[in-house]
Amino acid sequence: MMILLILSLSVKAFDTPNDGGGSITIEVVGLNGDLKNGYVYRNSMEDTTFELRGLISRTSYKYVDDGAENGKEYLYKVELEFDDTTLTLFTGPVSAKAQWYDPTRTSVLIFLIIFSGFVLWFIQLARKNPEGLFIRKIPALDAIDEAVGRSTEMGKPTFFIHGLSGITDAGTLAALTILRRVSSKVAEYETPLIVTNYDPIVMAASSETVKQAYAEVGKIDNFNEKNIVYLTYEQFGYTAGVDGLMIRENPGAVFLQGYFYAESLILAETGHSVGAIQIAGTTAATQLPFFIAACDYVLIGEETLAASSYIGREPVMLGSVKGSDYGKLFIMIFIGIGVIFATIATILNIKGNSILMNAFNTFMGWL
Amino acid sequence: MLQRRIPLLITFLTGVIIVITFFIPHPPFGKLQDDALVWYSIILGFSMLIGVDSLLRFHYRRIARREKGFGFSFVFYAGFLACFITGIISEIKFGDAFAEGTSFRYLYDYILVPLQSTMFALLAFFVASASYRAFRARNFIATLLLITAVIVMLGRIPIGAKIPGITPLTDWILNYLQLGPARGIRIGIALGAISMSLRLILGIERTYLS
């Protein structure tokens, strides 16, 4: 039995596909779970010594040597230990090289081209016909003026609480757009605005955004940079800081915008307990139920990202939202086709019709 | 004019290059995204100084003006100085402030971590109060939500497994009723993010420039 196994074993070394080079994969072919240990040695063809590189995985029967030099040839020796014998196999010479294109990402590229095509097409259409675009009402964005107005009437400050993500997150950039709108209204109504930040870069951006908004409505003298506060880079330290501020300052309106984690409900419930009108917006799908339960208005996922288009009402921006919607329609059609195919496959399988099932699988493979 | 054009040009070039590098593993493209993240970390490190400066000024102002609860600002200064001094001493003495047995590690393990855990534990009470409001049976839809929530909660606790049919019903609710809309929201967010990125790259979205 062992002799048969040994005769059927082979080892191959090849350049790891679709990578930036510097990597060679060593694979043992013909193994079926009897391996005790597998050692990989490498020889750089400059001398006769083999250097131990690592162990063969006992699940994939592969080892990836990430320390190879591009273009340099190597020989590999693989020692396979079984219960009662040890087998040594050689392979090579092989060299690593970098690839110029990763074919496993072709589907992403195709989708990106189609989706970008939709967005760019509708941006062009919007430039030609600015009147022909409609965007549905987003109550949470319409409620910004109401919230700031209520806060002003009550003589209380307005709070803008950033989420825990940095400036590289799309949700943070969307939050800055909303902050600009809030700042304009706050400046107009001459109500104090306190902006809490988790990330110092976001704090700097927030400060500039608020300052610009105050300048635009001609109230730059009322801008107080000290109200744009940085708290901490610790999740629950930030939560405690914001909660403390809310309890002490007793805001009339609270905006929770950005990417939140477990602190979302703690913040929203504290805001609710001080009687503030709350408008939340996040791209964190897992935190949406908490905001929906505790806040008055919620921007659900993509509504946050469409905020700048909705607030600005610029045709070109609205065009991009429409293009995005068509992209969604495109995906919905594909999901629909997928559902139909999956249903057909299930029915064919239940009926045990192997010929039709094979034909179906061939078709799916072609797709 | 240049003040706006230069940042827009940098955004355009960076955006296009990062998108291209996603498809090209060959050096120098393949590692550009990782390099950009390293640069961001370096900038973030320096920007921390701005954050700390803001925080120190904020609490100084509170103390100077004797604002409500200004005593907590003294606690902040005490905590800040304790962490700063022990951090520096530990780093000099052990080469790593987080090494076992350092005074900084002691502060971290026995003050900061329990405080964070306490804040996290508050979530249980907030979940209870929020659930109470969300699940009030005011109308048909709210009642439906209440019934579904009760079934799911029962299905997630050990006693639920003893009630016939509850566990499969819970799994069905989570895998079909809940998962479909959740995926819809996630797809929407992903497409919205791509759309926003395109607006940023093309210079249509400029609010971040202030």
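Every residue in the range A:185-210 that is part of a strand (DSSP E or B) and either closer than 18 Å to B:Phe76 by Cα or facing chain B (nearest Cβ under 9 Å) (or both), please. Steps first, answer last, please.
At the first step, the residues of the range A:185-210 found to be part of a strand (DSSP E or B) are A:193-197.
A:Thr196, A:Asn197 - these are the residues of the range A:185-210 that are part of a strand (DSSP E or B) and either closer than 18 Å to B:Phe76 by Cα or facing chain B (nearest Cβ under 9 Å) (or both).
Any chance the range A:25-38 includes a residue that's of a type in the set (Asp, Glu), at negative phi and over 39 Å from the mean Cα position of the chain (by Cα)? Steps first, answer last, please.
Within the range A:25-38, the subset of a type in the set (Asp, Glu) is A:27, A:34.
Subsequent filtering for residues that are at negative phi retains A:27, A:34.
Those still in the list that are over 39 Å from the mean Cα position of the chain (by Cα) too: A:34.
Looking through the range A:25-38, at least one residue is of a type in the set (Asp, Glu), at negative phi and over 39 Å from the mean Cα position of the chain (by Cα).
I need the full set of residues from the range A:122-139 which are open to solvent by 100 Å² or more (accessible area, probe 1.4 Å) and within 12 Å of chain B (Cβ to nearest Cβ), in order please.
A:Arg127 - this is the single residue of the range A:122-139 that is open to solvent by 100 Å² or more (accessible area, probe 1.4 Å) and within 12 Å of chain B (Cβ to nearest Cβ).
Which pairs do you get when a residue that is touching a residue at least 60 places away in the same chain (Cβ under 8 Å), found in the range A:246-257, comes within reach of a residue that is of a type in the set (D, E, K, R) and outside any loop (DSSP other than H, G, I, E, B), reach meaning Cβ atoms under 8 angstrom, with the pair 6+ apart or on two chains?
A:Gly252/A:Arg150; A:Gly252/A:Glu153; A:Ala253/A:Arg150
Can you tell me which residues in the range A:35-81 are open to solvent by 20 Å² or more (accessible area, probe 1.4 Å) and of a type in the set (A, V, I, L, M)?
A:Met45, A:Leu52, A:Leu55, A:Val64, A:Leu75
May I ask you to list the residues in the range A:211-226 that are more than 9 Å from every other protein chain (Cβ to nearest Cβ) and either closer than 21 Å to B:Gly51 by Cα or touching a Cys at 6+ places or on another chain (Cβ under 6 Å) (or both)? If you could, list the steps in order and put the result at the bottom.
Of the range A:211-226, the ones more than 9 Å from every other protein chain (Cβ to nearest Cβ) are A:214-224.
Residues satisfying the conditions are A:Phe223, A:Asn224.
A quick yes/no check of all residues on (1) out of contact with any Leu (no Cβ under 6 Å at 6 or more places or on another chain); (2) open to solvent by less than 50 Å² (accessible area, probe 1.4 Å); (3) of a type outside the set (Lys, Arg):
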position: B:Asp171; (1), (2), (3): yes, no, yes
position: B:Asn175; (1), (2), (3): yes, no, yes
position: B:Arg183; (1), (2), (3): yes, no, no
position: B:Gly192; (1), (2), (3): no, yes, yes
position: B:Met196; (1), (2), (3): no, yes, yes
position: B:Glu205; (1), (2), (3): yes, yes, yes
position: B:Tyr208; (1), (2), (3): no, no, yes
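Looking only at residues in the range B:153-210 that are at the interface with chain A (Cβ under 10 Å from one of its Cβ atoms) and touching a residue at least 60 places away in the same chain (Cβ under 8 Å), which one is farthest from the chain's Cα centre (by Cα)?
The residue in question is B:Leu202.
Taking B:Arg62, is it open to solvent by less than 70 Å² (accessible area, probe 1.4 Å) and among the charged types (D, E, K, R)?
Working: open to solvent by less than 70 Å² (accessible area, probe 1.4 Å): yes; among the charged types (D, E, K, R): yes.
It is true that B:Arg62 is open to solvent by less than 70 Å² (accessible area, probe 1.4 Å) and among the charged types (D, E, K, R).
Does B:Val52 satisfy being open to solvent by less than 60 Å² (accessible area, probe 1.4 Å), out of contact with any Ser or Thr (no Cβ under 9 Å at 6 or more places or on another chain), among the aliphatic types (A, V, I, L, M) and not in a loop (DSSP other than H, G, I, E, B)?
On the way: open to solvent by less than 60 Å² (accessible area, probe 1.4 Å): yes; out of contact with any Ser or Thr (no Cβ under 9 Å at 6 or more places or on another chain): yes; among the aliphatic types (A, V, I, L, M): yes; not in a loop (DSSP other than H, G, I, E, B): yes.
It is true that B:Val52 is open to solvent by less than 60 Å² (accessible area, probe 1.4 Å), out of contact with any Ser or Thr (no Cβ under 9 Å at 6 or more places or on another chain), among the aliphatic types (A, V, I, L, M) and not in a loop (DSSP other than H, G, I, E, B).
Consider only pairs whose beta carbons are under 6 Å apart and that are at least six residues apart or on different chains; among these, list those whose first residue lies in the range B:134-145 and is more than 15 Å from A:Pro289 (Cβ to Cβ) and whose second residue is not in a loop (DSSP other than H, G, I, E, B).
What qualifies is B:Ala137/B:Thr143; B:Ala137/B:Leu146.
Whether any residue in the range A:155-165 is within 14 Å of another protein chain (Cβ to nearest Cβ), of a type outside the set (Gly, Ala, Ser), open to solvent by less than 10 Å² (accessible area, probe 1.4 Å) and touching a strand residue (DSSP E or B) at 6+ places or on another chain (Cβ under 7 Å) is what I want to check.
Looking through the range A:155-165, at least one residue is within 14 Å of another protein chain (Cβ to nearest Cβ), of a type outside the set (Gly, Ala, Ser), open to solvent by less than 10 Å² (accessible area, probe 1.4 Å) and touching a strand residue (DSSP E or B) at 6+ places or on another chain (Cβ under 7 Å).
Can you name every one of the strands (runs of 3 or more DSSP E) wholly within the range A:39-153 that holds 3 or more residues which are of a type in the set (A, V, I, L, M)?
Working: elements: A:51-55, A:62-65, A:73-81, A:86-95.
Of the strands (runs of 3 or more DSSP E) lying wholly inside the range A:39-153, those with at least 3 residues that are of a type in the set (A, V, I, L, M) span A:73-81, A:86-95.
Within the range A:195-206, how many residues are open to solvent by 10 Å² or more (accessible area, probe 1.4 Å) and over 19 Å from A:Ser264 (Cβ atoms)?
Filtering the range A:195-206 down to residues open to solvent by 10 Å² or more (accessible area, probe 1.4 Å) leaves A:198, A:201, A:203-205.
Filter again for over 19 Å from A:Ser264 (Cβ atoms), leaving A:201, A:203-205.
Within the range A:195-206, residues that are open to solvent by 10 Å² or more (accessible area, probe 1.4 Å) and over 19 Å from A:Ser264 (Cβ atoms) number 4.
Restricting to the range A:267-309, what's the tally of residues that are surrounded by fewer than 24 Cβ atoms within 10 Å (Cβ to Cβ) and among the aliphatic types (A, V, I, L, M)?
8
Tell me, yes or no, whether the range A:146-163 has at least one residue that is at pLDDT below 90 and in contact with a Leu (Cβ under 6 Å, 6 or more places away or on another chain).
Restricting attention to the range A:146-163, the residues satisfying the condition of being at pLDDT below 90 are none.
No: the range A:146-163 contains no residue that is at pLDDT below 90 and in contact with a Leu (Cβ under 6 Å, 6 or more places away or on another chain).
Which members of the range A:91-113 meet the condition of being facing chain B (nearest Cβ under 8 Å) and either of a type in the set (A, V, I, L, M, F, W, C) or open to solvent by 70 Å² or more (accessible area, probe 1.4 Å) (or both)? Write out each step before concluding.
Of the range A:91-113, the ones facing chain B (nearest Cβ under 8 Å) are A:98-102, A:105, A:108-109, A:112.
Result: A:Ala98, A:Trp100, A:Tyr101, A:Arg105, A:Val108, A:Leu109, A:Leu112.
Among the residues of the range B:1-60, write down those that are of a type in the set (Lys, Arg) and free of Cβ contacts under 8 Å to residues at least 12 places away in the same chain. Lay out the reasoning, then the answer.
As a first pass, look at the range B:1-60 and keep what is of a type in the set (Lys, Arg): B:4-5, B:31, B:57.
Passing the criteria: B:Arg5, B:Lys31, B:Arg57.
Evaluate the range B:89-102: report whether one residue or more is within 14 Å of chain A (Cβ to nearest Cβ), assigned to a helix (DSSP H, G or I) and open to solvent by less than 60 Å² (accessible area, probe 1.4 Å). Walk me through it before giving the result.
Quick first cut of the range B:89-102, residues within 14 Å of chain A (Cβ to nearest Cβ) only: none.
No, because not a single residue in the range B:89-102 is within 14 Å of chain A (Cβ to nearest Cβ), assigned to a helix (DSSP H, G or I) and open to solvent by less than 60 Å² (accessible area, probe 1.4 Å).
Is it true that some residue in the range A:245-258 is of a type in the set (A, V, I, L, M), in contact with a Gly (Cβ under 7 Å, 6 or more places away or on another chain) and surrounded by fewer than 21 Cβ atoms within 10 Å (Cβ to Cβ)?
No - not one qualifying residue is present in the range A:245-258.
From the residues in the range A:213-232 that are free of Cβ contacts under 8 Å to residues at least 12 places away in the same chain and of a type outside the set (A, V, I, L, M), which one is most open to solvent (accessible area, probe 1.4 Å)?
In the first step, residues of the range A:213-232 are kept if they are free of Cβ contacts under 8 Å to residues at least 12 places away in the same chain; the result is A:215, A:218, A:220-221, A:226.
So of that shortlist, the ones also of a type outside the set (A, V, I, L, M) come out as A:218, A:221, A:226.
On the way: A:Gly218: 63, A:Asp221: 141, A:Lys226: 99 Å².
Applying the filter and picking the extreme gives A:Asp221.
If a residue has to be open to solvent by less than 50 Å² (accessible area, probe 1.4 Å), within 12 Å of chain A (Cβ to nearest Cβ) and of a type in the set (Phe, Trp, Tyr) to count, how many in the range B:103-134 make the cut?
Number of matching residues: 1.
Which residue is surrounded by the fewest Cβ atoms within 10 Å (Cβ to Cβ), if the candidates are limited to the range B:19-48 and must be more than 7 Å from chain A (Cβ to nearest Cβ) and not in a helix (DSSP H, G or I)?
Within the range B:19-48, the match that is surrounded by the fewest Cβ atoms within 10 Å (Cβ to Cβ) is B:Pro28.
The values are calculated or read from the model by the stated rules, or taken from the named source; none is laboratory data. None of the values given here were measured: they were computed from a predicted structure. Heads up, the Cβs are rebuilt from the backbone with ideal geometry, glycines too, and the neighbour counts pull from every protein chain shown. Each accessible area value is taken on the protein alone, full model and side chains, heavy atoms only, with ligands, DNA and RNA left out. Shrake-Rupley method; radii C 1.70, N 1.55, O 1.52, S 1.80 Å.
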